[in-house]
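Peer 1: For reference, the structure I am asking about is given below.
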Amino acid sequence: MPRLAKRQAAVTLSPIGRAMLGDYVHRLAFASDGTRFAACSASGQVAVWKAPSFNPLCDLKGHQPSALTLAWHPTRQELATGGQDGVVRIWDGDTGEERVVLPVGAQGSWVEHLAWSPDGKFLTASAGKALRIWSIDPAARAQLAAEVPAYKTTISAVTWMPRGDGVVASAYGGAWLWKIGQEKPVRPFPYDGALLTIAVSPSGEYLASGNLDGSVHLFRTDSDQNWHMSGYPVKVTSVRFDHHGLNLFTASGPSLVSWNMKKFEGTGGRLFKGHLGWIQEIACHPNRSLVATVGEDGLLCLWDPQTTKPLLSQEVNKTGGLSCVAWSSTDSWLATGASDGGVSLFSVHGIEDRA
């Protein structure tokens, strides 16, 4: 007698709590150990909470008028933030003590992108056309390790290679791989247009870009081979590889499209339908086959890469759109930020068997 396939449990959300910041939530992220998370807003406020209790830890008001980005150190409870004041601030994630202030670009430039190296020894930030890298020790002593010659246009995205062997930064005309100690990029990724967002696969084999012209471009990092996927309805604002690098998820307006990376040939994109408004961010679970998206429609959608229908589609903000989303690295907790300043924390059930 044939054995019946085991039916997976339905995916559900349990609200843990909600808090309000002063304005639009630009970014949120969990610390690497999952014990706390932070959010920054257009009011300049940066808040840190315990997870999963959602008890407030500290409230930081260092950036004026707006805090635009943040990044947790990969091993220490330190939070780096950047904003319209043109500086990076590093905070103690427990006490809220400001440990160091690092100027990035020219006066009037905004710090919009931050990234720690995988080993936590270096922090990179961009402001306008400027890109800087610092070495930072546990005592918060910072030393400028590299300053990239000014880009011709504003830097649109920054990411480290998975093994920490260089920083990729994008702008109009492509992306460039920089290494500490080198005055020139060690590898260009040219593109005739504006790159809005980039992502590197977990293996470091591929660099994907979402572009202003409604396309996705995929570069191999170890050769000159590349692919171009056009036909998106509008500009592509988010690209993410899942945790094992087998799928590339891309967002353009309300459309979510995935590309299977097994023997990739630039064909076979799959359209996932669920959002009614523009998708604002994609977040791939750090160790499960699960993808979260949030949109201007106030919907939080959860997806399995194998099916184009959402496992869950739930309106979690009835007073405005959602702006950002993040998974905890250690448990099934999910946080969302909203355009009205709302920050919500959820427990996600029914995903335990999704490897």
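The values are calculated or read from the model by the stated rules, or taken from the named source; none is laboratory data. In this text the structure is predicted, and so the values were computed from the model without any measurement. We place every Cβ from the backbone using ideal geometry, glycine too, and count neighbours over all the protein chains shown.
Peer 1: Condition (residue is farther than 24 Å from Glu78 by Cα, crowded, with 17+ Cβ neighbours inside 10 Å and among the β-branched types (Val, Ile, Thr)) applied to region 160-181: is it met by at least one residue?
Peer 2: For region 160-181, residues farther than 24 Å from Glu78 by Cα, crowded, with 17+ Cβ neighbours inside 10 Å and among the β-branched types (Val, Ile, Thr): absent.
Peer 1: Right, another one. Only one of these is of a type in the set (Val, Ile, Thr), touching a strand residue (DSSP E or B) at 6+ places or on another chain (Cβ under 7 Å) and either without any contact (Cβ under 8 Å) to a residue 60 or more places away in the chain or within 19 Å of Leu68 (Cα to Cα) (or both): Thr307, Thr336. Name it.
Peer 2: On the way: Thr307 fails: touching a strand residue (DSSP E or B) at 6+ places or on another chain (Cβ under 7 Å).
The conditions single out Thr336.
Peer 1: Return yes or no: is Pro52 more than 23 Å from Phe122 (Cα to Cα) and touching a residue at least 60 places away in the same chain (Cβ under 8 Å)? Spell out the reasoning first.
Peer 2: Numbers: more than 23 Å from Phe122 (Cα to Cα): yes; touching a residue at least 60 places away in the same chain (Cβ under 8 Å): yes.
When the stated conditions are applied, Pro52 passes them.
Peer 1: Which residues, taken from region 256-272, are buried (at least 18 other Cβ atoms within 10 Å of the Cβ) and assigned to a strand (DSSP E or B)?
Peer 2: Leu256, Val257, Ser258, Trp259, Phe272
Peer 1: Could you please find all residues in region 318-345 being in a loop (DSSP other than H, G, I, E, B) and surrounded by fewer than 23 Cβ atoms within 10 Å (Cβ to Cβ)?
Peer 2: Lys318, Thr319, Gly320, Gly321, Ser329, Thr330, Asp331, Ser332, Ser339, Asp340, Gly341
Peer 1: Scan region 142-173 for residues that are out of contact with any strand residue (DSSP E or B) (no Cβ under 8 Å at 6 or more places or on another chain) and either farther than 24 Å from Gly204 by Cα or polar (S, T, N, Q) (or both) and jot them down. Give the steps one after another, and end with the answer.
Peer 2: Quick first cut of region 142-173, residues out of contact with any strand residue (DSSP E or B) (no Cβ under 8 Å at 6 or more places or on another chain) only: 149, 163, 165.
Across region 142-173, the qualifying residue is only Pro149.
Here is a yes/no grid of residues against (1) among the β-branched types (Val, Ile, Thr); (2) buried (at least 19 other Cβ atoms within 10 Å of the Cβ):
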residue: Val100; (1), (2): yes, no
residue: Pro103; (1), (2): no, no
residue: Gly108; (1), (2): no, no
residue: His113; (1), (2): no, yes
residue: Leu123; (1), (2): no, yes
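Peer 1: Return yes when Ser313 is at pLDDT 95 or above, under 28 Å from Ser32 (Cα atoms) and out of contact with any Asp or Glu (no Cβ under 7 Å at 6 or more places or on another chain) and no when it is not.
Peer 2: Yes: the conditions hold for Ser313.
Peer 1: In this structure, does Glu78 turn out to be touching a residue at least 60 places away in the same chain (Cβ under 8 Å) and out of contact with any His (no Cβ under 7 Å at 6 or more places or on another chain)?
Peer 2: Against the criterion (touching a residue at least 60 places away in the same chain (Cβ under 8 Å) and out of contact with any His (no Cβ under 7 Å at 6 or more places or on another chain)), Glu78 qualifies.
Peer 1: Next question, about the same structure. Residue pairs, Cβ under 6 Å, 6 or more apart or interchain, first in region 148-174 and of a type in the set (Ser, Thr, Tyr), second buried (at least 21 other Cβ atoms within 10 Å of the Cβ) and part of a loop (DSSP other than H, G, I, E, B). List them.
Peer 2: Ser170/Ser156
Peer 1: From Thr250, Thr307, grab the single residue that is closer than 26 Å to Val348 by Cβ and surrounded by fewer than 20 Cβ atoms within 10 Å (Cβ to Cβ). Steps first, please.
Peer 2: Values: Thr250 fails: surrounded by fewer than 20 Cβ atoms within 10 Å (Cβ to Cβ).
Checking each option against the conditions leaves just Thr307.
Peer 1: Here is a follow-up. All but one of (1) under 25 Å from Arg354 (Cβ atoms); (2) surrounded by 15 or more Cβ atoms within 10 Å (Cβ to Cβ) hold for Val236; which doesn't?
Peer 2: (1)
Peer 1: Identify, from the list Ser209, Ser215, Ser201, the residue that is under 22 Å from the mean Cα position of the chain (by Cα) and either farther than 15 Å from His228 by Cα or at pLDDT below 95 (or both). Let's see the steps before the verdict.
Peer 2: Values: Ser209 fails: either farther than 15 Å from His228 by Cα or at pLDDT below 95 (or both); Ser215 fails: either farther than 15 Å from His228 by Cα or at pLDDT below 95 (or both).
Answer to the check: Ser201.
Peer 1: So which strands (runs of 3 or more DSSP E) are wholly in region 185-251 and hold at least 3 residues that are under 20 Å from Val291 (Cβ atoms)? I'd like the intermediate steps shown before the answer.
Peer 2: Working: elements: 187-200, 206-211, 215-220, 226-229, 238-241.
Qualifying strands (runs of 3 or more DSSP E): 187-200, 206-211, 238-241.
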